[in-house]
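The structure appears right after this line, and notes come after that.
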Amino acid sequence: MTPLERFLDTFFNAAVLAKYAPAILQGVWVTVELSVLIVLSGIALGGLLACVRAYRVRLLSFGIVIFADIFRALPPLVLILIVYFGLPNAGIFLSSFVVLYAILTLILAAFAEEILWAGITSVAKGQWEAARSTGLGFTQALLWVVLPQAVRLAIPPLTNRAIAITKMTALGTVIGVPDILNQATTAQSFSGNASPLMLAAVAYVLLFMPFVVLSRWLESRFAWRKV
Amino acid sequence: MIDPRAARTADPTAPAAAPAAGRPALEIAALHKSFGATTVLSGIDLAVAPSELVFVLGPSGSGKSTMLRCCNRLEEPDSGTILLKGTPVTGAGVNLNQIRQRIGMVFQAFNLYPHLTALKNVTLALRKVRGLSRAEAEARAVEALTQVGLADKAGNHPAALSGGQQQRVAIARALALEPEVMLFDEPTSALDPELVGDVLAVMRDMKSAGMTMLVVSHEMKFAQEAADRVIFMDGGSIVEQGPPERIFGAPEHERTRAFLSRVTGG
């Protein structure tokens, strides 16, 4: 074997690729499912928390800030391991899928809350005043006037954060979530060949590239000229 | 609650020639407001008659904008009473969102909602506050936009409008709620000179249609031709008031004279 042949055999072995492609495809489905669930619920929860914070009830705001700071500061893997291996000792048994979903959702919510809160506070005071002067209540002004503008400001950082968090679904491998990477590492140890990992890498690129492109489109779609 | 009219009649500078009799459209009595240690309003008494245009003049920091913003409680007064056609605006138990629909406000910076079209800027409160159907709200919005001469811009976002057009949309947004009083907080100060005329023309139309207006502005010419009464404020109180001919022609107070000579460059 020449070095090149050996390289190609290690990473692009056709027989291994064909054999394990179905397993990795199953992993793709798990990753997609997780990603969609995490992004939807994480952003929804973060948005809700940012809105609650807008009411400036001191105790609530304090709780939200603590939550956001802790979940932004801790490495996701630490949280995943603590919850997955710790909770059973306390008599609570959660599937690895649920643990990964819950932790990543909370982390995304923490970041989304901060991003949307920054958006809300950067909307000019005059917007609130104009809305309130026409008789809109605080909640109405928030929902119809301020939040739509905050969301537009938040879209670029929010999409970046959503992409980053969905890539972290690969962390599920360590607690046995059958996602892309888990399928690939299993296949790699059975076959003694790195080709399944290459396949996983390709699957990730195919999976996330559209989101990266979509985020670019969203950024331009929601931008408007500042007056 | 004390009767603010008592305070008003005690005011020696009360206008002799305010149009229309009966209950004032807007009554401000003993209005006080401080920001921290700074007193901004120290006892304002003012009654605006129905269909009257009261023009408020004064150096910056004189409290004129704060007085205006107290009228719909964007600024919370420390004490004093404000009545809108006899309905209390100040005090506990006031339904603020309801009373604010009856008081239109126009801001220096227009404050149009940038994410909505001109039409939707006008329909928002009609739909969410008044609960009108989409069709009803749009019909009334088009009417209001027509009044300010911008029916053809209904589909434009604010960024696609000139400053003068934006301010006219903002006026339409307030007008659509059919307010009983309109407050103008330096409506032309942010505009290029050539765009001021259109906004003032709309305000003149409103005046002839019988709108009660309280206008804080530096447009002296507009005051001279359109105001029923001019008020000069300084240091948080009303220094002098009267018909525009007298305030501009023969001001009684030294402070008024000094201010007028500064702003007219005379």
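The values are calculated or read from the model by the stated rules, or taken from the named source; none is laboratory data. Being a predicted model, the structure only gives us computed values, none of them experimental. Counting neighbours? That spans all protein chains shown, and the Cβs are built from the backbone with ideal geometry, glycine included. With ligands, DNA and RNA removed, areas are computed over all heavy atoms of the protein, side chains included. Shrake-Rupley method; radii C 1.70, N 1.55, O 1.52, S 1.80 Å.
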Here, B:Ser60 and A:Phe7, labelled 7 Å along Cα→Cβ, have an inter-label distance in nm of 6.9
Rounded to whole Å², per residue accessible area for the stretch B:89-148 with a 1.4 Å probe reads 41
May I ask you to list the chymotrypsin sites (Phe, Trp or Tyr not before Pro) in the stretch A:48-127 that are in a DSSP loop and have at most 16 other Cβ atoms within 10 Å of their Cβ?
-> A:Tyr55, A:Phe93
Rounded to a whole number, the mean other protein chain Cβ count within 10 angstrom for residues of B:107-114 is 6
Among B:Gly249, B:Gly93, B:Gly210, whose mean-square fluctuation peaks in a Gaussian network model of chain B (Cα, cutoff 10 Å)?
-> B:Gly93
What is the mean projected area of the alpha carbon convex hull for the stretch B:119-192, to one decimal in square nanometres?
-> 5.0
Using the 2.2 N^0.38 Å rule of thumb for compact globular proteins, work out how chain B stacks up: its C-alpha Rg over that value, please.
-> 0.99
Taking Cα atoms, the helix B:193-208 axis meets the longest principal axis of chain B at an angle in degrees (rounded to 10) of 80
Hey, quick one: spin label on B:Ala258, modelled 7 Å out along Cα-Cβ, who in the stretch B:65-84 has an amide N within reach, i.e. under 17 Å?
-> none
For the protein assembly as shown, give the percent of accessible area contributed by carbon and sulfur heavy atoms, probe 1.4 Å, rounded to a whole number.
-> 61
Of B:Glu138, B:Glu240, which has the most accessible area and how do the rest follow, probe 1.4 Å?
-> B:Glu138, B:Glu240
By DSSP, what percent of the beta bridges with both residues in the protein assembly as shown are antiparallel, rounded to the nearest 5?
-> 55
Measuring from the lowest to the highest alpha carbon on each principal axis, how far does the stretch A:14-122 reach, largest first, in angstroms?
-> 61, 37, 18
Antiparallel bridges, percent of DSSP beta bridges restricted to the stretch B:183-266 (to nearest 5) | 60
Find the centroid of the Cα atoms in the stretch B:97-171 and in the stretch A:106-145, then give the distance between the two in whole Å.
-> 20
Size of the B/A contact, given as accessible area buried on both chains, probe 1.4 Å, in Å² | 1900
Quotient of C-alpha Rg and 2.2 N^0.38 Å, computed over the protein assembly as shown | 1.36
Any idea how many Lys pairs in the protein assembly as shown come in under 21 angstrom at the alpha carbon, given 8 or more places apart or on separate chains?
-> 14
How far is helix B:163-175 tilted off the main Cα axis of chain B, in degrees rounded to 10, range 0 to 90?
-> 90
What's the angle, to the nearest 10 degrees (0 to 90), between helix B:118-128's Cα axis and the longest principal axis of chain B?
-> 80
Which of these, B:Arg23, B:Arg168, B:Arg229, has the largest mean-square fluctuation under a Gaussian network model of chain B (Cα springs below 10 Å)?
-> B:Arg23
Gyration tensor on Cα atoms of the stretch A:21-221, a ≥ b ≥ c root eigenvalues, a/c under 1.5 rounded, else prolate if a/b beats b/c, else oblate, says oblate
Across B:Ala159, B:Ala172, B:Ala151, the residue with the highest GNM fluctuation in chain B (Cα network, 10 Å cutoff) is B:Ala159
Most packed first (mean Cβ within 10 Å per residue), the peptides B:187-196, B:141-150 order as B:141-150, B:187-196
How many percent of DSSP beta bridges within the stretch B:26-264 run antiparallel, rounded to 5?
-> 55
Once the convex hull of the C-alpha atoms of the stretch A:119-164 is built, how many Å³ does it hold per residue, rounded to a whole number?
-> 60
What is the distance, in nm, between label points placed 7 Å from the Cα along the Cα-to-Cβ direction at A:Leu206 and at B:Glu245?
-> 8.8
Hey, rough spin-label estimate for B:Leu96 and A:Phe62, points 7 angstrom out along Cα→Cβ, what's it come to in nanometres?
-> 2.4
For the stretch A:21-221, report the accessible area per residue in Å² (1.4 Å probe, heavy atoms, rounded to an integer).
-> 47
